[in-house]
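Following: one structure in structure tokens, then a few remarks.
Values quoted throughout were computed directly from the atomic coordinates according to the rules given, and no laboratory measurement underlies them. On a predicted model such as this, the values are computed, not experimentally measured, just so you know. Positions of Cβ are generated from backbone atoms using ideal geometry, with glycine treated the same way; all protein chains shown enter the neighbour counts.
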Amino acid sequence: MTHSDVPIGKRGALLCLTLCLALVPIDSARAEVTRVVVKSAGPMGVFEGREYIWATATMEGTVDRGGRETGRYRVPVVLMYPDRNPNGFGFVDVVNSADFTAYKEGEAPAGKRSIYYVGDIIFSDYLRREGFTYIAVQWSRMVTYVLGADYGVIENGLDGYEIVKDAARFLREPSKFEGAVPFRPKAVGRVTGFGQSQTAALLREFVRSGQNRERGGALTFEGILAGVGAGMCTSLNNDETPLPEPGPTNPTFQKRVSCGGPLPEDGKYIAIESESDIGTRPGSGLFGGYLARHQTPSFRQYELAGVAHIAPDIVDLRVFGATRQNPVSFRPVFKAMLHNLVEWIASGTAPPDSRYLEGSVDPEGSFQFATDADGNVKGGLRLPHIPTLLLSGERVGAPLGVYRGLDPDFLQPFNLFAWIGGTFAPFSAQELAARYPSHDAYVQLVTKAAGALLAGRFILQEDYDAYIQAAKRSR
């Protein structure tokens, strides 16, 4: 059984950034879905009166690369869709395959290279409660190269862009859907793209290079939510030459670099960056989210103070020796920003202004964070675990220690996953007693911080309630 045969559940995901350093020009191509063939399907339950099913399938298509050259592809996809009253929005989850890029077989953090459907892990039942039609798509020739034709076929690394586009096209026109299912997906009117880490960088390059426009001028994605992409771009190529050791022993077919500057006004775009993603490791070429800062009528960037690139509710890094992993989840902000993105597209209601972490850039090009007396960073979007000064002058938020985005213990020897899991250093019992003379005082500080975030549209009601309940349960 391959991974694409397994229904999506709450499996772990390995999110990392790759180490390639150069962009290449993009060739023009045009693809068309031939068919989407169901391999297996099953019920997911009823959400807000809608019955959802999942279906694993293969998406097949052709790629017209110009002239007389036409290629073909066959890739695994996973679909989730309701039987009635969809919200009219498609959600294309561009599958993250970063551990294929950074590790040789047997050396990846899970023991082997794997593919995960990260969007469903992060958003989970929220997607179904809201009525999205979901498709996760494998786009990377690197993966089909490693796993072989039984898994999928991508003939040219550059075809990945068109495969991603075809996933959006299929959601708008699902007529080429074959197989036994209780009911078929309904066409959507608008499509959002989602990428996490590596694939957030892929979608940034997708927009930066003008590929979010079809040949007739229509948008492929009316909106994109890009999570922890670190202000980088992933550009596809068709390089057949394996990288030298200690990189993988197979071609990657993709290159990565920092790519600051405003993006074209081609659809709405929300970037969410963790603290890990803003600074750089000098000389490494990794990260640099501060270079991508800007705000336009179609772009926002939110930088999360005291939040790491990999949270424990995505991957628990203790099994890799990262005992100080930052415990804070970014999922509440992701859900709220997807809600804001839909409103922005549907009604023109703009999301809040961008939020940036405070700091300065040193002569080597590394971002140095400004920190408070505790060591927590200043500025940015601040969840209830970080102290916050409201416009009224009231101080809210209730830190239990110092939360950082990178763990320097894993620089020598370098362990990328553990490094970007961040750290948490708890306050002493005496310090906590001095800050919070009663449990009620602590709960009130969390409640006021969460209330400000809810009013500012940075979290949803369900996560406001969850923050307060978690604070009440803590002792």
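Table for the structure above
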| read-out | value |
| --- | --- |
| Percentage relative contact order, the stretch 3-385, counting C-alpha pairs under 8 Å, at least six apart | 15 |
| Estimated inter-spin distance, Lys112 and Ser360, nm [label 7 Å along Cα→Cβ] | 5.2 |
| Nearest 10 degrees, 0 to 90: helix 439-455 Cα axis against the chain principal axis | 40 |
| Ellipticity estimate at 222 nm from DSSP helix runs (n ≥ 4, -39,500 (n - 2.57)) divided over the chain, nearest 500 | -6500 deg cm²/dmol |
| Gyration tensor (alpha-carbon) shape descriptor, the stretch 252-406, a/c threshold 1.5 | rounded |
| Chain lengthening between Val257 and Ser392 when straightened (0.36 nm per residue, less Cα-Cα) | 44.5 nm |
| Degrees between helix 461-473 axis and first principal axis of the chain (Cα, 0 to 90, nearest 10) | 40 |
| Inter-label distance for Asp372 and Ala455, nm, one decimal - labels placed 7 Å from Cα along Cα-to-Cβ | 1.8 |
| Inter-label distance for Ala429 and Arg473, nm, one decimal - labels placed 7 Å from Cα along Cα-to-Cβ | 2.4 |
| Long-range HN-HN contacts of Ser197 with modeled amide H, under 5 Å | Gly227, Val228, Gly229 |
| More than 20 Å apart - percent of Cα-Cα pairs taken over the stretch 357-475 | 52 |
| Mean separation of Cα contacts under 8 Å (6+ apart) over length of the stretch 27-127, as relative contact order % | 20 |
| Where the Cα pairs of the stretch 198-238 fall when distances are cut into 10 Å bins, in % | 31, 50, 18, 0 |
| Principal-axis tilt of helix 159-172 within the chain, Cα atoms, nearest 10 degrees | 90 |
| Computed FRET value (nearest 0.05) for Asp64 with Arg35, which takes r as the C-beta separation and R₀ as 22 Å | 0.80 |
| Cross-link table Lys268/Lys472; Lys165/Lys255; Lys268/Lys335; Lys104/Lys255; Lys186/Lys268; Lys39/Lys112, entries beyond 28 Å C-alpha to C-alpha | Lys268/Lys472 |
| Only Lys, Arg (+1) and Asp, Glu (-1) charged, at Cβ; the stretch 3-385 dipole about Cα centre in debye | 640 |
